[in-house]
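The structure under discussion appears below in the form of structure tokens.
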Amino acid sequence: MSVPESQADDFIRMLVRLAGATLVLLACGGAFAQNTPQRLQPIVLQGALEAIDAEMLGEAWVDPTGTATITQVNSAHGPVKFVQPQADTIYSLGPQAVLWLHYRIARPRDERQNWLLEVPMPLVDLVTVFQHDGNRWHAESAGDNLAVAQWPEPGRHPFFRLDLQPGQVRDVYVRIRHTTAVNFPVRLATEAWHNQRIQLEYLGLGMTFGALVLLIAACLAQSWVYRDRVYAWYAAYATVTTLAVATYTGVAPHLLWPRFGALGDSPQAMLAFVAAAAALLFVRNLIGLPTRFQLVDRVIYGLGIAGLALALTPPFMSKMVGLSLLGGYVVLTVLINIVIALVAWRRGDVVGQWVLYAYLPLTLAVLMSVMRIFGWVPLSFGTQYAVVVAMAIEVPLLLVALSIRSRERHGAQIREQALSTQDALTGLLAPHLFNDRMQQVVSRYKRDQESAAIVFIDLVNYPRIKDYYGSAVAEQSLLRSVIKLRRLLRDVDTVSRIGEARFGVILEGVDARTSVTERAARLIAAGLMPLKGLKPEVTLQFHIASVLLDERVMEPLELVDALSDLLAGMSPRTRRPIRFLEPENTHPAPLGADSSMIDDVSRPLPRQAPENVVPIGRNAA
């Protein structure tokens, strides 16, 4: 059956019209969809979840003037255009703009947990949460610009209780004001989960701060016991550092000064300036720059004092300018400390090595914090608490460096004191202390008749050894003499180097010549036997003069002069190298005595001492 041509034309025209109408409807529908906001899907709170990361579950809008009210924001016909936020979106709000977040939250009828909205960011300036109770909007605020005591829920960071009725859907608006560029984490959590999380965080922070406080107390105790001001300065530095970290983590505003809000968030920057300046001055002193690099030391000292002065400026300048100045100063100080430690380590100073180990993690943490302040990296747990971990590492390592430096200083002081009491080469008692000891022995004999023998010993061939073999071999011969002498003496005997090659010995409790003669003979014999394998083979020749207080009592200076004269009267090759001063009351020598071992002092004694002897006593003048 054929269709008339006119009817076919009418059918085609109808299809064309229908297609055009469809296209127009579709275009209008698309335009309508674009101009009509999609309804926000509610967040269903279920206790099994415990915590929900809500950063991307709501809508966000930046108010550039910061003047919008909650009524304008909630109005369907207002200028507000909420958008879906992206993950880790960094907002550069500045001093005027504010960020609005909109959440639609539903609580099931069978849900028994109380829920909280958290902004886990201790350094946020101000957070305000708006909730509607069916009649009007209620606002609660928390942040660094308010004293913690004024927060609805005091803590390290802002959190708010959600007023949600079971089986209902509520709109919650969050207004955030913050100067620096950062992303804002938002979390929905049950009260039980929140309390457990807070306890765990304070447990970790408490262990860190407890160790730091214990370290500070130990430094103060060491400073008091050892009278060492370096430990007191370190305790002051550690205290400032601990306060700065406590403020940075929100612990200090929460627990130490919850009612103080006059300066807003300025105490954080002020303490950071002081901590950086104290670190610079402490490392400068620890490395020892004042004695090695005076010009560099003056520059670094000036930077440290400038940091203390800059600590007073944050309350009087805009926050962004203050943070920029703080970031630059902190980075400069840590880099200077790294360079100082590296130079000291390359110079062979082990203290520089420990300082370098201490400041490497701190430098990385500070750089991360500065990058976060300027919005170059997103906010995270690592970027927030890296400084705390770095400080917990840095402070004990600096204490190790301080202990090493303190031990070196005390060692130098002990050696300095030893130089005034001991001979530098032999380690024997100094001459003036030997004279004091001899004075005590003579006085005790006069008072209590306690016997003693005083012996002077000369290394006779010392000048020849020095001229022929040199000073090194001559000093070695003196050390060998001390070794041989100590093998013959008791621990209670006093021995001293009283001249260049002369030794003085006080033998307490000795009342017979035979005891002195036996020791002297053994010393002479030991000196004539060269040390096995010694090159060159040098023998030691000794002359010995002695007096027994039981035989002759004289004043100490007179004893020194008499014994020096007795030694001076011996020829280098004498066959009687052991001699005694004549007793005050002479008696005939017993038959059979070895006259070679007893000096005949009937002849006058020469008064001139040999050149190799440095006499003490009256002749020393």
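Computed from the coordinates by the stated procedures, all read-outs in this text should not be read as laboratory data. Given the structure is predicted, the values throughout are model-derived calculations rather than measurements. Neighbour counts are summed over all protein chains in view; Cβ atoms, including those assigned to glycine, are modelled from backbone coordinates with ideal geometry.
Find how much the distance from Ala87 to Glu153 grows on full extension, using 0.36 nm per residue of separation minus their present alpha carbon separation; answer in nm with one decimal.
21.0 nm
Please give the residues of region 50-84, grouped as numeric ranges, whose backbone N is less than 20 Å from a label point set 7 Å along the Cα-to-Cβ vector of Gln199.
50-52
Where the centroid of each part is defined by its Cα atoms, how far is region 94-172 from region 471-509 in Å?
86 Å
Spelling out what I want: for every residue of region 304-320, take phi, set θ = phi - 60°, compute 6.51 cos²θ - 1.76 cosθ + 1.60 (Karplus), and round to whole Hz; glycine and proline get x.
Values, residue by residue: x, 5, 5, x, 5, 6, 5, 5, 8, 8, x, x, 10, 9, 4, 5, 5 Hz.
So what does log10 I(q)/I(0) come out to for region 338-386 at q = 0.15, 0.22 Å⁻¹, using the Debye formula with one equal point on every Cα and no solvent?
Here log10 of I(q) over I(0) equals -0.49, -0.70.
Stokes-Einstein D for region 352-488 at 10 °C, 1.306 mPa s, Kirkwood Rh over Cα pairs, in µm²/s? Walk me through the numbers on the way to the answer.
Values: Rh = 21.4 Å.
Calculated translational D: 74 µm²/s.
Val245: net charge of surrounding residues, Cβ under 13 Å, Lys/Arg +1, Asp/Glu -1, itself excluded?
Local net charge: 0.
From the backbone phi of region 351-358, what are the Karplus-calculated ³J(HN,Hα) couplings (6.51 cos²θ - 1.76 cosθ + 1.60, θ = phi - 60°) in whole Hz, Gly and Pro given as x?
Values per residue, Gly and Pro as x: 4, x, 5, 5, 5, 5, 4, 6 Hz.
For a paramagnetic label modelled at 7 Å from the Cα of Gln46 toward its Cβ, which residues of region 170-186 fall within the zone defined by backbone nitrogen distances under 20 Å?
Under 20 Å, as judged by backbone N against the label point of Gln46, lie 170 of region 170-186.
What are the residues whose amide H is under 5 Å from the amide H of Asn183, where those residues sit 5 or more places off or on another chain and H is modelled from the backbone?
For Asn183, whose amide H was placed from the backbone, the distant partners under 5 Å are Tyr91, Leu379.
Which values, in whole Å and largest first, are the semi-axes of the equivalent ellipsoid of region 200-419 obtained as the square root of 5 times each eigenvalue of the Cα gyration tensor?
Computed over region 200-419, the values are 30, 20, 17 Å.
Apply the Karplus parameterisation 6.51 cos²θ - 1.76 cosθ + 1.60, with θ equal to phi minus 60°, to every residue of region 471-483 and state each ³J(HN,Hα) to the nearest whole Hz, in sequence, with x for glycine and proline.
For region 471-483, the Karplus-derived couplings read 5, 4, 5, 5, 5, 4, 5, 5, 5, 5, 5, 5, 4 Hz, x marking Gly and Pro.
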